[in-house]
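Quick notes on the structure that follows.
The values are calculated or read from the model by the stated rules, or taken from the named source; none is laboratory data. Owing to the predicted nature of the structure, the values given are computational and were not obtained by experimental measurement. Every residue, glycine as well, gets a Cβ built from its backbone with ideal geometry; the counts of neighbours run over all protein chains shown. All accessible areas refer to the heavy atoms of the entire protein, side chains included, with ligands and DNA or RNA removed. Shrake-Rupley method; radii C 1.70, N 1.55, O 1.52, S 1.80 Å.
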Amino acid sequence: MNLILIAITACLVNNVVLSQFLGICSFLGVSKQIKNSASLGGAVIFVITISSAVANLLYQFLLAPLHLEYLETIVFILVIAALVQIVEMFLKKTSPAIYQALGIYLPLITTNCAVLGVALTNVQNEYNFIESVTAGFGTAVGYTIAIVLLAGIRERISEADIPAPFRGAPVVLLSAALMSIAFMGFGGLSF
């Protein structure tokens, strides 16, 4: 039950994009088409889940025992950068179209504050290995849900008759704000 609670909290209640406002750059930049958003979401799920696992192991078995906790940010960034390189090489080889569509936003996963934020939050919450992986996966799924929803809204908006002052960035930001307000409703969930 505790793992389900961690996953739901990370995914919906404390949604990394809509509640904590981390990862906004790629959230707004890639969310023009559902296909590209889902692809980035898949990459983020892989990177956050695996980086949560590796960061937890490194922290528990290397940094904490050697009293090198002050190096956690640097170590976590290196782990994330390596994982993003693996995803980038995989997509370039297996799906060049998606690789091209994601463009600069794929390597930017390395500097996506959401990815680093999850690793640091897991340490702060003193999660064990399984809890860290669960929180990482839940956070990444929440990110994917948010970016795919925004992409769906943006696809519909592109065909709508919107007053000139609201076209482009204003309507996208307004849509994201309304999504954020809607996700606040999950804060009332109780188990």
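If only residues of region 75-87 that are surrounded by fewer than 18 Cβ atoms within 10 Å (Cβ to Cβ) and within 16 Å of the chain's Cα centre (by Cα) are counted, the one that is modelled with the highest pLDDT is Ile77. Between Glu72, Glu131, Glu126, the distinction of being open to solvent by 70 Å² or more (accessible area, probe 1.4 Å) and acidic (Asp, Glu) belongs to Glu126 only.
Sub-9 Å Cβ pairs linking a first residue in region 59-87 that is assigned to a helix (DSSP H, G or I) to a second residue that is modelled with pLDDT under 90 and open to solvent by 50 Å² or more (accessible area, probe 1.4 Å), at least 6 apart or interchain, are Ile77/Thr111; Ile80/Thr111; Ala81/Thr111; Leu83/Phe46; Val84/Leu108; Ile86/Phe46; Val87/Phe46, ordered by first then second residue.
Would you please name the residue that is nearest to Lys35 (Cα to Cα), looking only at residues in region 104-123 that are part of a loop (DSSP other than H, G, I, E, B) and open to solvent by less than 60 Å² (accessible area, probe 1.4 Å)?
Leu106
Scanning region 134-191 for residues that are open to solvent by less than 50 Å² (accessible area, probe 1.4 Å), part of a helix (DSSP H, G or I) and of a type in the set (Val, Ile, Thr) yields Thr134, Thr139, Val141, Thr144, Ile147, Val148, Ile157, Val171, Val172.
The sole residue among Ala135, Ala119 that is touching an Asp or Glu at 6+ places or on another chain (Cβ under 9 Å) and either within 20 Å of Ile50 (Cα to Cα) or not aliphatic (A, V, I, L, M) (or both) is Ala119. Residues in region 15-43 that are open to solvent by less than 70 Å² (accessible area, probe 1.4 Å), farther than 14 Å from Arg154 by Cβ and not in a helix (DSSP H, G or I): Asn15, Val16, Val17, Leu18, Ser19, Leu22, Gly23.
Among residues that are under 23 Å from Ile130 (Cα atoms), part of a helix (DSSP H, G or I), open to solvent by less than 70 Å² (accessible area, probe 1.4 Å) and touching a helix residue (DSSP H, G or I) at 6+ places or on another chain (Cβ under 7 Å), Ala55 is included.
Can you say whether Tyr127 is closer than 26 Å to Phe183 by Cβ and assigned to a loop (DSSP other than H, G, I, E, B), as far as the supplied structure shows? So Tyr127 fits the description; yes.
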